[in-house]
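Working notes for the structure below.
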Amino acid sequence: MHSETLPPEAEARLDAILADHLGMQGALLPVLHAVQAAFDHVPAAALPRIAAALNLSRAEVHGVMTFYHDFRDRPAGRRVIRLCRAEACQAMGAEALARDLQDRLGLDWHQTAADGSVTLEPVFCLGLCACAPAALVDGQPLGRVTAEGLARLAAGGRP
């Protein structure tokens, strides 16, 4: 499936993560979250090792990895902007905000700028419906976001 390999220090980190989760019921999601936290993404070379350790097929691990939008197969940008795509935010103009930011950045969903500065991701409800439209910037929830504010954040400004 994937021919890339992990460097020895990454293999050791992955082995430690797997050891921490062995014997746990339903360990796949916690393992994927831990791997992403350790590497800022889930390297393709880790999938066969995860599958073998958890006695799952590579297809099962790949399927879970690609089903959930929180998992990345490459590192994120220095800034991660997640825009809410749920109904309340849509009703408050989130679609126009998303198009504006995508046009400004030249990015589509799940893409990272070539210089690694920013990653743009959709999220489906941040629970900030009363403050729509909402975004999550580097893990910080923001309500009533504007096109100008998002552009400033994408350029590295403070939330």
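Only the coordinates and a few stated rules stand behind these numbers; no lab work does. These figures come from a predicted structure and were not determined experimentally. Because the Cβ atoms are built from the backbone with ideal geometry, glycine has one as well, and the counts that use them run over all protein chains shown.
Using C-alpha pairs below 8 Å separated by at least 6 residues, the relative contact order for the stretch 1-142 is 21 percent.
In the list (i) 65, 32, 25; (ii) 55, 32, 26; (iii) 46, 33, 25, the label attached to Cα extents along the principal axes in Å as derived from the coordinates here is (iii).
Shown for the chain are the DSSP H helices of 18 Å or more along their axis, judged by Cα atoms, with a mean Kyte-Doolittle hydropathy of at least -1.0: 8-21. Not counting the cut sites, what is the longest span of the chain without trypsin sites (Lys or Arg not before Pro) that DSSP labels loop and that have at most 14 other Cβ atoms within 10 Å? Looking at the chain, 1-77 is the longest stretch - no exposed trypsin sites (Lys or Arg not before Pro) with at most 14 other Cβ atoms within 10 Å. Neighbour counting of Cβ atoms within 10 Å sorts the residues His110, His62, fewest neighbours leading, into His110, His62.
Fewest-first ordering of Glu11, Glu121 by other beta carbons within 10 Å of each residue's beta carbon gives Glu11, Glu121.
Put a plus charge on the Cβ of each Lys and Arg, a minus charge on the Cβ of each Asp and Glu, and nothing anywhere else: the dipole of the stretch 8-67 about its Cα centre is then about 160 debye. Comparing Cα centroids, the stretch 99-159 and the stretch 1-69 end up 28 angstrom apart. Residue order for Asp115, Asp138, fewest other beta carbons within 10 angstrom first, comes to Asp115, Asp138. Measuring from each cysteine beta-carbon in the chain, the ones with no other cysteine beta-carbon under 4.7 angstrom are Cys125, Cys129, Cys131. Overall, the chain carries a charge dipole of about 320 debye about its Cα centre when +1 sits on the Cβ of Lys and Arg and -1 on the Cβ of Asp and Glu, all other atoms neutral.
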